[in-house]
Every structure is written in C-alpha cells, then in structure tokens.
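What follows is a set of notes on a single structure, which appears directly below.
The values are calculated or read from the model by the stated rules, or taken from the named source; none is laboratory data. Given the structure is predicted, the values throughout are model-derived calculations rather than measurements. Reconstructed Cβ throughout: ideal geometry from the backbone, glycine too, with neighbour counts over all protein chains shown. We work out accessible area using only protein heavy atoms, side chains counted, and drop any ligands, DNA or RNA first. Shrake-Rupley method; radii C 1.70, N 1.55, O 1.52, S 1.80 Å.
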Amino acid sequence: MTVASLARQLAPAIRITFVDIGGTAESDLFYGNVTSPSAYAFNLAAGVAEPALTLDSDTAFSWGTRYDHWAGGKRSWTQCFALPFPVVDGVLLHQYLAAVGIDRLEPYLVAAMAAKRGAFAHPPRDPAKAAQHPLSRADYGYQFDPAAYARLFETAVTDAPGRVVRIADALASVEIDADAIAGVRLSDGRALSADLYVDCSGPAAVLLSHLVPEGEAGRRIGIAASDAPAARPGRPVRTVTPTPYGWRSDVPLRGRTRRITVYDPADCDAGLAAHGSAPALAGEATLHRRDHAWAGNCVGIGHAAYVLEPLTPAPMMLLERDLDRLLSLIPNTGSMAVERGEYNRRYQEDTQNAALFACAMFATNGLPDTPYWRAAQGEPRPDALVRKLEMFETRGLLVAYDLEPFHPEDWTILHLGMGRRPTRHDRLADRANPAQVTAFLANLERSVAQSVSTLPDCDTYRLQLEHYLLRNRR
C-alpha cells in the first residue's frame, strides 16, 4: 500500500526503491479484516479502483461490524458506518430518543438494518435522488483478506512500470550516523542509501528500531486465521463474538469465510482448540505505540510504529492516515525537522484517539475473569475517555477531540450499543411536542424498514455488479 501510494502520487523526479524483505504475513493479520469508508478514496488515489477490487479479489462490501453478546454477554449491536444523523431544530437524534424513553438506535440506521437482513446496494450519491432515500444516510467499507488485498496494490505498482525499482532480498545491516540512517546493506552485499527511508517491515521495525525504542509495552495477544467455504450467502457485516479466551470474528468474503481468533498467549491452547480448524496463519504481537514514528530520516508506517488490536477498523484507518500524512509532508529540504515535528504531532493524536475507541469497548462490567479480559480491562483508562463516558452518561453530550478518526456517529452507536444511557437529556429537546417526536421517529423507522425491504441480498447484488463491470471492461 505504501509503495503504490508513493508511486502514484509523488513527483516523477523522486526515485523510489522498494526493498522487499517479506515476512509480514502473520503480523498483517493485526490489520484486521474490515476497512472504514475512507478506503474507497484512499484506494483510488493509490491506483486501486473499486471495479478491480470487485472483480480481481475476494474482497466484499461491508456495512460494519456486528458485536454479538458483547459487554459481559448482554449487548448485541451493529457498529455500522453512517453519515451524520438527522438534526431536528438544532437537537441531535439521540437526545430525542432519550427524551421519549427510547433506547434502541438500530431501527433508525439503514446500514444496521440492511446488515441484519444480509442486503446490500451502493448508497445513492446523486443529490437529486439522495434527498428522499434513507440509504443515502449509510456508508460502507470493505471486508478483506490482508494477503489478497495486498496483491491489488502490488498490481497497481506493476501497472506503473519504471516508477519503482524493486529488490527482493534480506537486510544484512543498517548503518547509523548521528541519529539518522546512513545506509543499508543487503544479504548479497549491495549497499543502498537514500534521502528518506520508509519502514514498512511490520512490528520488527528493522529500520526505525535503530532510532526509536518500542516504547511502553502493552498487552501481548495472539491471533490465528483460517478459511472455510461459505456455507450460505455472505453477509455484508463482520461478526465479532466474545469468548472466555478472547474473541473471534467471522468475515464473509466472496466464496469463503475468514475466521480470526484473538487470545491471550496464556490461553493459547484453549484459543487454538476453539478456533475450529488448524489455522493457516498464526502469530503474536505486543500492543504498543512508539513515542515517535519519524526519527531522523526514517518514517515508520503502520506496525513499524504501533500495533493496535484489530477489534475495530482502527488499524486500517490509521494505516491510511499514515500514508496520507506522509504524502502531505514529503520533505523538500535536507533537515526534515519541520516535517518530522508535524508528522509526529499528528501521529500521536491519531493513535491516541483511535485507542480511545477500542478502550471504550472494555468499559463495562461482567467480563470473564480470564487472562485476556483481565489484561484488557486492567489497562489504564485515559482521562480523555473518562471525560467522553461521563459526559455522555450524564447528559448525552458527545465530547470530541481534534481530528478524531472515529466520528460522533460512531461514538453514538457505540455508547448506545454498549448500553450507556444519558441520565439527563438536552432540555432543548423538550421544546418539541412528545407526540410529534414519537410520530417523527415512527416515520423514520418505517422509512428505513421499507427501504431495506427493497434491497437485494449481498451475493445477488455482487453477482449483478460483476456482470455489469465485466461488460464494461471489455
């Protein structure tokens, strides 16, 4: 993804050498299996258009993630992607729900209801059609296998001949000079040097680790993955289920289902036994975040700088942000000090804010008393998250920080899905007649239900889309 993005968007005068040392298949599992809606524009800029994704991979459309019996086994909800919720007379939708005593949000979310039914269609984006169509309030991402997803970007690089020099070899040594990388030597004896080094080597961070320590270590988790033929039509939603040893996810792809099992290494035997089949890939990683992602003349991308648990779409969201940030700050002077400082500031904000969302998943009671859950709930709860939780639970206020990767709609769905209810609502909602509010909500629920009932099932829609795309490809 890094090479494709740089090759497509940097000036032709900038030379790119890609040293492919391999060895990241297991750690790539920690990117998860679901993207956010931002993937569409990111992929397109990197040379991977949606038609290629649909025809040339088993990637599937996704409304989001279904958390099944989460929060101590008591809560189930779909963490779907949604555009801003209706604001009526300056008051947010969830405040009206609180005012009239309704604690269900999903009936008003077209993506959540479509996911429940297993239906999919592209949301209308034509303003003339979108205004009256409930589906226009939905958004979608992708469900993917990391290896297959990577091949799409590899093809995008291959389609740009002469732009990238590719070398497949092992790294023998790294030469450091004055807190920067002076050069690298490959196993065949070749020496390479560059103005800027981009480390995409995964948690090993074979370049960045010479300049920046790993930082404070968090939990260590294991992960296993395997595939099974699809027993029934795939649903456009990932399903995450808690288990005593951790959690598992089932991700429908085209023609198969990818199962991921996450566990504490202390429960490795139980986790792998419950996985259901011998995993095709398995690995372990320590969740951590380096203090800086850019040191000297080296930038760490993705897992070279941090590893997050793939419980949410955050790992892929942050990977895309890493590359967007790098492209906007490619240095044009030798010192790189200004670019480095701004990159690290935004990197720290992005990773800290993304971690809040995952941490909020464990802010509940009744979790199992096993190694995974004790470690997850035992992590310090940041003040920024405490403020979010307290303000929502006391008066339904959505506290937001600068440039958060998760939107207010994401937080609203998460709060209500986890069972958090404001003890007080926005008093501005009391200006509306309760009967009118109830009628408005009933009409919205009915409109969503009618819209979803007309949608085709996901497999039928994809098959028809493939036929259309193939005719146009010819």
For the range 130-276, the per residue accessible area (1.4 Å probe, Å²) is 46 Å²
Just to be sure I understand: if I project the alpha-carbon convex hull of the range 248-322 onto a plane and average over all orientations, what area do I get in nm²?
6.7 nm²
Once you charge only the Cβ atoms, +1 for Lys and Arg and -1 for Asp and Glu, what is the size of the charge dipole of the range 248-331 about its Cα centre, to the nearest 20 debye?
340 debye
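For the range 160-246, which semi-axes, largest first and in whole Å, follow from the square roots of 5 times the eigenvalues of its Cα gyration tensor?
Working: eigenvalues 292, 95, 30 Å².
Equivalent ellipsoid of the range 160-246: 38, 22, 12 Å, largest first.
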Interchain or sequence-distant (5+) residues whose placed amide H lies within less than 5 Å of the amide H of R219 are L287
Per-residue ³J(HN,Hα) for the range 158-166, Karplus 6.51 cos²θ - 1.76 cosθ + 1.60, θ = phi - 60°, Hz, x for Gly and Pro:
4, 6, 10, x, x, 8, 10, 8, 10
Just the Cα atoms of the range 293-370, one point each, no solvent: what log10 I(q)/I(0) does Debye give at q = 0.13, 0.26 Å⁻¹?
-0.46, -1.23
Please report the accessible area of L397 (heavy atoms, 1.4 Å probe, ligands and nucleic acids excluded) in Å², nearest 10.
80 Å²
Tell me the angle of helix 408-417 to the major Cα principal axis of the chain, expressed in degrees between 0 and 90 and rounded to the nearest ten.
60 degrees
Once Lys and Arg get +1 and Asp and Glu get -1 on their Cβ, which of A11, L311, W294 lies farthest toward the positive end of the dipole of the chain?
L311
Relative to the compact globular guide of 2.2 N^0.38 Å, what is the alpha carbon radius of gyration of the chain, as a ratio?
1.01
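Considering only the other residues whose Cβ falls under 10 Å of the Cβ of G64, what net charge follows from Lys and Arg at +1 and Asp and Glu at -1? Intermediate values should be presented prior to the final figure.
Numbers: positive: R66, R238; negative: D139, D410.
Residues near G64 contribute 0 overall.
Take every DSSP beta bridge with both residues inside the chain and express the antiparallel ones as a percent of the total, to the nearest 5. Walk me through the intermediate numbers first.
On the way: 52 of 63 bridges.
Within the chain, antiparallel bridges account for around 85 percent of the total.
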Dipole in debye (nearest 20) - the chain, about Cα centre, beta carbon charges: Lys, Arg +1; Asp, Glu -1:
1480 debye
Just to confirm the filter: which trypsin sites (Lys or Arg not before Pro) across the range 22-109 are DSSP coil and have at most 13 other Cβ within 10 angstrom of their Cβ?
K74, R104
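How big, on average over all directions, is the shadow cast by the Cα convex hull of the range 381-443, in nm²?
Its Cα hull, projected and averaged over all orientations, spans 5.5 nm².
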Interchain or long-range residues, amide H under 5 Å from S226's placed H:
R259, A280
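How large is the helix-only mean residue ellipticity at 222 nm for the chain, computed as the sum of -39500 (n - 2.57) over DSSP H runs with n ≥ 4, divided by its residue count, in deg cm²/dmol to the nearest 500? Before the final figure, lay out each step's value.
Details: 15 runs with 168 residues, N = 474.
Calculated from helices alone, the mean residue ellipticity at 222 nm is -11000 deg cm²/dmol.
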Counting Lys and Arg as +1 and Asp and Glu as -1, what is the net charge of the other residues whose Cβ lies under 12 Å from the Cβ of W373?
-2
Please list, in chain and number order, the residues 5+ apart from A138 or on another chain whose amide H is under 5 Å from its amide H, with Hs placed from the backbone.
L83
At most 14 other Cβ atoms within 10 Å and a DSSP loop assignment: could you name the trypsin sites (Lys or Arg not before Pro) in the range 409-449 that fit?
R424
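Return a whole-number percent for the relative contact order of the range 309-467, with Cα pairs under 8 Å and 6 or more residues apart as the contact set.
Details: 79 pairs, mean separation 30.1, N = 159.
Relative contact order, the range 309-467: 19 percent.
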Dipole axis of the chain (+1 Lys, Arg; -1 Asp, Glu on Cβ), positive-most option in A99, P242, L171:
A99
How much net charge surrounds L319 when only other residues with a Cβ under 12 Å from its Cβ are counted (Lys, Arg +1; Asp, Glu -1)?
-3
Can you tell me the order of 178-186, 404-412 when each peptide is scored by its average per-residue count of other Cβ atoms within 10 angstrom, highest first?
404-412, 178-186
Let me check the size of the range 1-92 from its C-alpha atoms; what are the radius of gyration and Dmax in Å?
18.9, 57
Semi-axis lengths, Å, the range 328-474, gyration tensor of Cα atoms, sqrt of 5 times eigenvalues:
34, 32, 20
Packing-based order for 141-151, 212-222, using average beta carbon neighbours within 10 Å, highest first:
141-151, 212-222
For the chain, which whole-number percentage of the solvent-accessible area (1.4 Å probe, protein heavy atoms only) is attributable to carbon and sulfur atoms?
53 percent
Using the Karplus equation 6.51 cos²θ - 1.76 cosθ + 1.60 (θ = phi - 60°), what ³J(HN,Hα) coupling, rounded to whole Hz, does each residue of the range 347-355 give in order, writing x for Gly and Pro?
4, 5, 5, 4, 5, 5, 5, 5, 5
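So what's the convex hull volume per residue for the Cα atoms of the range 247-402, in Å³?
Numbers: hull volume 25.6 nm³, N = 156.
So the per-residue hull volume is 164 Å³.
At 1.002 mPa s and 20 °C, plugging the Kirkwood radius over alpha-carbon pairs of the range 105-258 into Stokes-Einstein gives what diffusion coefficient in µm²/s?
Working: Rh = 20.8 Å.
Result for D is 103 µm²/s.
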With every protein chain kept in place and a 1.4 Å probe, the residues S76, S249 fall, from largest accessible area down, as S76, S249
